[in-house]
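Novice: Okay, handing you the structure first.
Every number in this text was worked out from the coordinates using simple rules, so none of it is lab data. Keep in mind that this is a model prediction, so the values were computed, not measured. All Cβ positions, glycine included, derive from the backbone under ideal geometry; neighbour counts span all protein chains shown.
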């Protein structure tokens, strides 16, 4: 039964993709030669002007270009032209660095807030104000004070991924069942041991949920941050191709950003399944 | 006086002899007007350096110009050169001279924005002008003018491509705290245009443009000042009658296609790109507003000059050299191919060629030719800076009194550039100020306040 459901779902998915690609192809077909131009003039003009080709590339253009990129993902033609593999590696490197710093800050701080009602009340206004700030709003300030564009991008990743983790950790820690803590107290377990053997395992699923939200945000933000500072990364690639008005490459980048984001999310989903326990 | 002058020319006169003052004779002026601005006399750098050293020696032997000329006339330049090299080791001296001071810092980073204005900065990398100056320069594409400003201020870049008025704005502290910046060379002259959406192809009179939405790339740009000037000359107040928007160049084409703006005054390859894609047509070239106007500049902080003077001089040499090379029509095709790849401007080669060679489609069905559509002449005329200051004042970007001359002389390094150019065997202009006219209205750099006061449309301040 499940097998047949899965099969049927796959068929529906494939049909949907086919319909989408077909519609896309038809919508972006060229309409044939446009107004009559002298051949000399036509030579100086692009396909859009001469062939009536749509400004939006069709699925075949995107496919051909994608194949070209996939065949040589790691080429390096100088500082401003690198393969998609290298660009993605740069972005992932930045995301990982900023994210790990955020983990290192958010989880201990979240523990503190979750375990101490005083700190929770005292830090709450700061978190509430800082949390809703759009990560990119930090960018000019970061560029101006940190004085290094690549550190600024990492800082922006850090600042945007720290809040969901912090709040989830604090919430997870604060809502550990009172009975468990009381049992630990009865057994005269020390503070540290209590934190690591009772609270951490109990709060782990919530903490990981926070981490999963954060990685999604971090990956969302890196593209915008790199578009702003330029240099390297998938965001820079999008900006560079936008500058060239190459919508084909922009679509390819969008596709890849989506795929990488999904992979990152799935990795954390796996980990979170590992620490979940039945109650 | 041509930038490239021969010290062994017995016929050279101390005072220039043509109407523009840049050539030795009216005939040469005609020739230069027909051909191109920078006409090299020596065919290679080595030859030029040799000439510099030889002429220095000759001048030392015959300090009197009249005697020197008489001597050259009687024996001929070749004999004179042979005679000089008899008692002075010219070859060794030339080699020693060419090395100049060793650069303090060889690995440099220079930022640029991917538009044809950055041509000399970019082409100097693939065509080896930086290497020739003994530098290892990485040219880094940058996402926007504000970012290039911040990265240069932060010293991530040692020097960078900026809009000509930007170093003035940064030095004066417009928009941020003041940091002294300098312009050792103008990147390009001309090279912009007003492009309008296809639907306005019958509205060629700017008087009909009331209510239009027009885009410019940056507030402190020649684009902004030239567009405002052009509109105001046609009786349109740029602050009230139209909407001027600061839009990054690639978004201009997209917005034009989306019918979100009616036109723009943009740097080139963007204008041509809009035509190439069939989105707009070229209304006029910025050259038709002011022929020979500066567009972008090569800028460095004063701190860089003081901490690494030799690197700075070498960098200026490379840029001046590249600019001279770019000024020649026969090199333009090669340059277009060198800078079109993704690593540099990232644009179709046909678009780059149309801009650089000046044979282009105008978007309305005809092919036009103007070899000076974009041109290259590195000398940082201080009168350019004075003009920009008058426009900053006119449109309320700077308030109160301005010491035009002092600001221009601190930022536009005509004297230093003149020295570098003389050292390279080029002949820079003797003056740092020249007058010119914008849309037929003459500008006298000695009377900037009168100039500002003479405009009917301006922002009162």
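Novice: Could you please find all residues in the range B:335-353 being over 12 Å from residue A:46 (Cα atoms) and not in a loop (DSSP other than H, G, I, E, B)?
Specialist: Once the filter is applied, which keeps residues that are over 12 Å from residue A:46 (Cα atoms) and not in a loop (DSSP other than H, G, I, E, B), the range B:335-353 yields B:335, B:336, B:337, B:338, B:339, B:352, B:353.
Novice: Check the range A:75-84 and report whether any residue there is buried (at least 17 other Cβ atoms within 10 Å of the Cβ), more than 14 Å from every other protein chain (Cβ to nearest Cβ) and touching a residue at least 24 places away in the same chain (Cβ under 8 Å).
Specialist: No, the range A:75-84 contains no residue that is buried (at least 17 other Cβ atoms within 10 Å of the Cβ), more than 14 Å from every other protein chain (Cβ to nearest Cβ) and touching a residue at least 24 places away in the same chain (Cβ under 8 Å).
Novice: Would you pick out the residues in the range B:149-174 that are within 14 Å of chain A (Cβ to nearest Cβ) and surrounded by 24 or more Cβ atoms within 10 Å (Cβ to Cβ)?
Specialist: B:149, B:151, B:152, B:157, B:160, B:161, B:170
Novice: Among the candidates A:261, A:172, A:235, A:210, which residue alone is closer than 30 Å to residue A:59 by Cβ, out of contact with any strand residue (DSSP E or B) (no Cβ under 7 Å at 6 or more places or on another chain), crowded, with 23+ Cβ neighbours inside 10 Å and in contact (Cβ under 8 Å) with a residue 12 or more places away in the chain?
Specialist: The unique qualifying residue is A:235.
Novice: Looking at A:137, A:89, A:122, A:102, which is the one that is away from chain B (no Cβ under 14 Å) and in contact (Cβ under 8 Å) with a residue 12 or more places away in the chain?
Specialist: That would be A:102, the only listed residue that is away from chain B (no Cβ under 14 Å) and in contact (Cβ under 8 Å) with a residue 12 or more places away in the chain.
Novice: Residues that are in contact (Cβ under 8 Å) with a residue 24 or more places away in the chain, within 14 Å of chain A (Cβ to nearest Cβ) and either under 19 Å from the mean Cα position of the chain (by Cα) or part of a loop (DSSP other than H, G, I, E, B) (or both): does the range B:182-199 have at least one?
Specialist: no
Novice: Which one is surrounded by the fewest Cβ atoms within 10 Å (Cβ to Cβ), of the residues in the range A:1-60 that are touching a residue at least 60 places away in the same chain (Cβ under 8 Å) and within 12 Å of chain B (Cβ to nearest Cβ)?
Specialist: Per the criteria, the residue is A:56.
Novice: Looking only at the range B:159-178, count every residue that is assigned to a loop (DSSP other than H, G, I, E, B) and over 13 Å from residue B:218 (Cβ atoms) and tell me the total. Give the derivation first.
Specialist: Step one: of the range B:159-178, the residues assigned to a loop (DSSP other than H, G, I, E, B) are B:164-165, B:173-178.
Subset that is over 13 Å from residue B:218 (Cβ atoms): B:173, B:176-178.
Within the range B:159-178, residues that are assigned to a loop (DSSP other than H, G, I, E, B) and over 13 Å from residue B:218 (Cβ atoms) number 4.
Novice: Hey, another quick one. Tell me the residue from B:208, B:202 that is over 20 Å from residue B:251 (Cβ atoms), out of contact with any strand residue (DSSP E or B) (no Cβ under 6 Å at 6 or more places or on another chain), assigned to a helix (DSSP H, G or I) and without any contact (Cβ under 8 Å) to a residue 12 or more places away in the chain, please.
Specialist: None of the others qualify; the one that does is B:208.
Novice: Sticking with this one: Looking at (1) crowded, with 23+ Cβ neighbours inside 10 Å; (2) in contact with a strand residue (DSSP E or B) (Cβ under 8 Å, 6 or more places away or on another chain), find the lone condition where residue B:370 falls short.
Specialist: The one condition residue B:370 does not meet is (1).
Novice: Restricting attention to the range B:274-286, and to residues there that are touching a strand residue (DSSP E or B) at 6+ places or on another chain (Cβ under 9 Å) and outside any strand (DSSP E or B), which single residue is farthest from the other protein chains (Cβ to nearest Cβ)?
Specialist: By that ranking, first place goes to B:286.
Novice: May I ask you to list the residues in the range B:240-251 that are without any contact (Cβ under 8 Å) to a residue 40 or more places away in the chain and within 14 Å of chain A (Cβ to nearest Cβ)? Before you say what the answer is, go through the steps one by one.
Specialist: Applying the first criterion (without any contact (Cβ under 8 Å) to a residue 40 or more places away in the chain) to the range B:240-251 yields B:240-247, B:250-251.
Hits for the range B:240-251 are B:247, B:250, B:251.
Novice: Something else: Step by step: first the residues of the range B:258-267, then only those that are within 14 Å of another protein chain (Cβ to nearest Cβ) and crowded, with 23+ Cβ neighbours inside 10 Å, then the one that is farthest from residue B:215 (Cα to Cα). Which residue is that? Spell out the reasoning first.
Specialist: Filtering the range B:258-267 for residues within 14 Å of another protein chain (Cβ to nearest Cβ) gives B:258-259, B:266-267.
Add one more test, that the residue is crowded, with 23+ Cβ neighbours inside 10 Å, and what stays is B:266-267.
Values: B:266: 8, B:267: 11 Å.
Ranking the candidates gives B:267 first.
Novice: Restricting attention to helices (runs of 4 or more DSSP H) lying wholly within the range A:72-173, give those where 2 or more residues are more than 30 Å from residue B:125 (Cβ to Cβ) and touching a helix residue (DSSP H, G or I) at 6+ places or on another chain (Cβ under 7 Å).
Specialist: Passing ranges, in order: A:84-115, A:117-130.
Novice: Anything in the range B:131-145 that is touching a residue at least 60 places away in the same chain (Cβ under 8 Å) and within 13 Å of chain A (Cβ to nearest Cβ)? List them, or say none.
Specialist: B:137, B:139, B:141, B:144, B:145
Novice: Another question about this same structure. So residue B:255 fits all but one of (1) in contact with a strand residue (DSSP E or B) (Cβ under 6 Å, 6 or more places away or on another chain); (2) within 14 Å of chain A (Cβ to nearest Cβ); (3) part of a helix (DSSP H, G or I); what number is the exception?
Specialist: The number of the failed condition is (1).
Novice: Evaluate the range B:221-232: report whether one residue or more is touching a helix residue (DSSP H, G or I) at 6+ places or on another chain (Cβ under 6 Å) and either within 14 Å of chain A (Cβ to nearest Cβ) or free of Cβ contacts under 8 Å to residues at least 12 places away in the same chain (or both).
Specialist: No, the range B:221-232 has no match at all.
Novice: Which ones in the range B:226-247 are within 24 Å of residue B:168 (Cβ to Cβ) and in contact with a strand residue (DSSP E or B) (Cβ under 9 Å, 6 or more places away or on another chain)?
Specialist: Those that are within 24 Å of residue B:168 (Cβ to Cβ) and in contact with a strand residue (DSSP E or B) (Cβ under 9 Å, 6 or more places away or on another chain): B:226, B:227, B:228, B:229, B:230, B:231, B:233, B:238, B:244, B:245, B:246, B:247.
Novice: Report yes if residue B:358 is at the interface with chain A (Cβ under 9 Å from one of its Cβ atoms) and either touching a residue at least 12 places away in the same chain (Cβ under 8 Å) or surrounded by fewer than 24 Cβ atoms within 10 Å (Cβ to Cβ) (or both), otherwise no.
Specialist: So residue B:358 does not fit the description; no.
Novice: Let me ask something additional. Considering only residues that are within 14 Å of chain B (Cβ to nearest Cβ) and in contact (Cβ under 8 Å) with a residue 24 or more places away in the chain, which ones fall in the range A:61-70?
Specialist: Passing the criteria: A:65, A:69.
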